[in-house]
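J.: Following this message is one structure expressed as structure tokens.
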Amino acid sequence: MDLQFTQEELDFQSEVRDWLKENYPEDMRERHNNSPNGSISREEQMQWQVALYKQGWAGINWPKEYGGAEFSASKKYLFNKEMAAVNAPTVIAFGEKMVAPVIMAFGTDEQKEKYLPDILSSKVWWCQGYSEPGSGSDLASLKTKAEDKGDHYLVNGAKTWTTMAQHADMIFCLVRTSNEEIRQMGISFLLIDMHSPGIIVQPIVTLDKAPEGHQEINTVFFEDVKVPKENLIGEEGKGWTYAKYLLEFERGNGYSAGLYSSLEKIVDMAKTPTSGGEPLMEDSSFKEKLADVEVQINAMEATELRILGSLSAGQNVGPESSLLKTRGTEIGQLITELAVEAVDYYAIPFNNPGPGIGHNEPPIGSAFANTSAPRYFNYRKASIYAGSNEIQRNIMAKLVLGLT
């Protein structure tokens, strides 16, 4: 397997690097780097995605027939690597990377024409309606019901842990359209307008949220919400099949580029004197921890490159995406732990909101102090979402190792 990049691919990498220097606004970069969870406003996020769209770099996985960039596996890897190097905002995944592939594979021509162009150009913000109160890892037990009323469905129930639902224009939902002995057979896949009467979005305040912090997750309630029949994707009762297809895209993202970038920040933190007066980079125990994390990222990158070789040969990611998701989130959590250790007790989040962007007051502790603990708390969820890491290990045991 040849993992050498061609000159054309290396030229493309340079093009991306130069474009980012010219087009990644400094004020946005500052907000993205210094906010507790790396968050920027909805308007800035959409502005950034539109800039990528105008450059022709939206829909990097999309076929050209739908207007996508259709990057090769190698170009996608290099593109993500350059984006991570400058900590550029990632594209909100729910539209472009998750529901769009499902619409392409299982939607009608009318649905493709209606939804895909607005997803690609970032005119519509999507969110995901999978988990419910009491139906998390056991998603097949979901109870949100869609009753057939002739020309429409009437939806009642609730979805929870819904990321950015307060910003969303549309939500793709798994709903129960029938009660079958095999629970998965009664689930369907619906597209629902978030502005429909009967939808209420209730924020969930999490441990990482300081008084002026970033609101991220919500519960979405549906009370007699009318959804047109043409918003059903595929066939009734086949939603579980479509959901599994979608999860392969949710879990199959590369991690190593972002992990390297995060590790470099820890090294910068460790060069700053601690409350004891000496920088942690002079502590052999902490340097050993940094080296161990770097080795783990190196090993993960090697795995990503092997998968890259398979993708370049036309093969699917398949269950190996579970491996990437598991190791990527575990290493990411380890890095957030090192960040908290590096800033010492200055990491206390609610007592140290830090100066706002543009303020001239000095920070309390190091410049990293006000972001380390919120990011640590927020990233605890990474080993749970998109299927908990325990579930991923079961998938790997059965489908990769062949165990029963």
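J.: For Ala342, which of the numbered conditions (1) assigned to a helix (DSSP H, G or I); (2) among the small types (Gly, Ala, Ser); (3) at pLDDT below 85; (4) crowded, with 16+ Cβ neighbours inside 10 Å fails to hold?
T.: (3)
J.: Select from the stretch 42-52 the residues that are modelled with pLDDT of 95 or more and surrounded by fewer than 20 Cβ atoms within 10 Å (Cβ to Cβ) and write down the one among them that is nearest to Phe172 (Cα to Cα).
T.: Val50
J.: Restricted to the stretch 1-16, and to residues that are polar (S, T, N, Q) and under 18 Å from Glu304 (Cβ atoms), which residue is modelled with the highest pLDDT?
T.: Filtering the stretch 1-16 for residues that are polar (S, T, N, Q) and under 18 Å from Glu304 (Cβ atoms), the one modelled with the highest pLDDT comes out as Gln13.
J.: Restricting to the stretch 129-159, name every residue that is in a strand (DSSP E or B), at negative phi and either crowded, with 22+ Cβ neighbours inside 10 Å or not aliphatic (A, V, I, L, M) (or both).
T.: Gly129, Glu132, Ser135, Lys145, Ala146, Glu147, Asp148, His152, Tyr153, Val155, Asn156, Lys159
J.: Among the listed residues Leu20, Leu78, identify the single one that is touching a Leu at 6+ places or on another chain (Cβ under 9 Å) and either not assigned by TED's automatic domain parsing to the domain that holds Pro374 or not in a helix (DSSP H, G or I) (or both).
T.: Leu78
J.: Please state which of the following conditions Val99 fails to meet, knowing it meets all the rest: (1) surrounded by fewer than 20 Cβ atoms within 10 Å (Cβ to Cβ); (2) modelled with pLDDT of 95 or more.
T.: (1)
J.: Could you list all residues from the stretch 149-202 that are without any contact (Cβ under 8 Å) to a residue 40 or more places away in the chain and of a type in the set (Asp, Glu)?
T.: Glu181, Asp193
J.: Next question. Hey, among Glu30, Glu44, which residue is touching a His at 6+ places or on another chain (Cβ under 9 Å) and not assigned by TED's automatic domain parsing to the domain that holds Thr371?
T.: Glu44 is the lone residue from the list that is touching a His at 6+ places or on another chain (Cβ under 9 Å) and not assigned by TED's automatic domain parsing to the domain that holds Thr371.
J.: Continuing with the same structure: Would you say Glu65 is over 21 Å from Ile40 (Cα atoms) and either touching a strand residue (DSSP E or B) at 6+ places or on another chain (Cβ under 8 Å) or acidic (Asp, Glu) (or both)?
T.: yes
Every residue, every condition in (1) out of contact with any strand residue (DSSP E or B) (no Cβ under 7 Å at 6 or more places or on another chain); (2) in a helix (DSSP H, G or I); (3) of a type in the set (D, E, K, R), yes or no:
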residue: Lys97; (1), (2), (3): yes, yes, yes
residue: Asp118; (1), (2), (3): yes, yes, yes
residue: Val124; (1), (2), (3): no, no, no
residue: Cys127; (1), (2), (3): no, no, no
residue: Trp161; (1), (2), (3): no, no, no
residue: Gln184; (1), (2), (3): yes, yes, no
residue: His195; (1), (2), (3): yes, no, no
residue: Val201; (1), (2), (3): no, no, no
residue: Thr206; (1), (2), (3): no, no, no
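J.: Right, Glu180: surrounded by fewer than 14 Cβ atoms within 10 Å (Cβ to Cβ), over 25 Å from Tyr379 (Cβ atoms) and at pLDDT below 95 or not?
T.: Answer is yes for this residue.
J.: Taking interchain pairs and intrachain pairs at least six residues apart, which have beta carbon atoms under 6 angstrom, with the first residue in the stretch 381-403 and within 28 Å of Thr160 (Cβ to Cβ) and the second surrounded by fewer than 16 Cβ atoms within 10 Å (Cβ to Cβ)?
T.: Ser388/Ser137; Ile391/Ser137
J.: Another question, then. Looking at Phe106, Phe94, Phe79 in this structure, which one is more than 30 Å from Pro25 (Cα to Cα) and of a type in the set (Phe, Trp, Tyr)?
T.: Unique residue meeting the criteria: Phe106.
J.: Separate question: Is it the case, given these coordinates, that Ala84 is under 30 Å from Ala369 (Cα atoms) and either crowded, with 17+ Cβ neighbours inside 10 Å or at pLDDT 90 or above (or both)?
T.: For Ala84, the condition - under 30 Å from Ala369 (Cα atoms) and either crowded, with 17+ Cβ neighbours inside 10 Å or at pLDDT 90 or above (or both) - is met.
J.: Under the condition of being of a type outside the set (A, V, I, L, M, F, W, C) and buried (at least 20 other Cβ atoms within 10 Å of the Cβ), which residue from the stretch 54-74 is nearest to Gly258 (Cα to Cα)?
T.: Among them, the one singled out is Ser74.
J.: Does Pro228 satisfy the condition of being modelled with pLDDT of 85 or more, surrounded by fewer than 18 Cβ atoms within 10 Å (Cβ to Cβ), under 26 Å from Pro101 (Cβ atoms) and not assigned by TED's automatic domain parsing to the domain that holds Arg375?
T.: yes
J.: From the list Gly318, Gly314, which one is at pLDDT below 75, within 23 Å of the chain's Cα centre (by Cα) and of a type outside the set (Val, Ile, Thr)?
T.: Being at pLDDT below 75, within 23 Å of the chain's Cα centre (by Cα) and of a type outside the set (Val, Ile, Thr) holds for just one of Gly318, Gly314, which is Gly318.
The values are calculated or read from the model by the stated rules, or taken from the named source; none is laboratory data. None of the values given here were measured: they were computed from a predicted structure. Here the Cβ is made from the backbone with ideal geometry for all residues, glycine too, and neighbour counts use every protein chain on show.
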